[in-house]
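The values are calculated or read from the model by the stated rules, or taken from the named source; none is laboratory data. Owing to the predicted nature of the structure, the values given are computational and were not obtained by experimental measurement. A quick note on method: Cβ atoms are made from the backbone with ideal geometry, for glycine too, and the neighbour counts reach across all protein chains shown. Quick note on the areas: whole protein, heavy atoms, side chains included, nothing else; ligands and nucleic acids left out. Shrake-Rupley method; radii C 1.70, N 1.55, O 1.52, S 1.80 Å.
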Amino acid sequence: MIEILVADITHLEVDAIVNAANGSLLGGGGVDGAIHRAAGPELLDFCRGLGGCPTGEVRLSPGFDLPASHVLHAVGPIWQGGMAGETAQLRSCYVAAFECALSQACTSIAFPAISTGVYGFPKRPAAETALAVMQQYEEQFARVIACCFIEEDAAIYRDILGR
């Protein structure tokens, strides 16, 4: 079963958290900045060696000072009106994160709402994409968490799952 939480993803005790990263992987605002701050300076040092990440893909790092063992840095698409393949790129982020987590024998994973912050992806279509992929993988994990920053976002997830 997919869990929908309103929480700080950096506090979750799971095998892997997903970071809504930018292509440089060197930190930024929102959840990306929060994860980098909570993980400590070793995360930035590690990410410098990764050489960035293309949109729709994921890169793996240790969790360092986080309760999570792994951080899966997913680079979501910047919303351009929906006609530039954004939905396919977003879906690719979720699939790549699940596949990476499975390759590391993770049994629990938490996702933020990738691309819905400064990247401007509309929240409902982003949640529909996220949940569709989560439902494909949920049986392979003990816990799959949609970690929302605010209750308004969690309500969107719950509404979609309730249909």
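Side notes on the structure shown:
- GNM top mover of S108, S24, S92 - the chain, alpha-carbon springs below 10 Å: S24
- Solvent-accessible area per residue in the chain equals 45 Å², computed with a 1.4 angstrom probe and all protein chains kept.
- Sites L50 and I160, calculated FRET efficiency, Cβ-Cβ separation with R0 30 Å, nearest 0.05: 0.40
- Alpha carbon centroid spacing (whole Å) that separates segment 123-163 from segment 4-81: 19 Å
- Additional length obtainable on full extension of the chain from A105 to R37, 0.36 nm per residue less Cα span: 21.9 nm
- For the chain, the Stokes-Einstein estimate of translational diffusion at 20 °C and a viscosity of 1.002 mPa s comes to 140 µm²/s, using the Kirkwood hydrodynamic radius over alpha-carbon pairs.
- In this entry, segment 12-80 is assigned a mean projected area of 4.2 nm², taken as a quarter of its C-alpha convex hull surface.
- For the chain, with all protein chains in place and a probe radius of 1.4 Å, 54% of the accessible heavy-atom surface sits on carbon or sulfur.
- Cα-only radius of gyration and Dmax that characterise segment 77-120, units Å: 12.3, 37
- Computed over the chain, the per-residue total of -39500 (n - 2.57) for DSSP H runs of n ≥ 4 gives a 222 nm mean residue ellipticity of -12000 deg cm²/dmol, rounded to 500.
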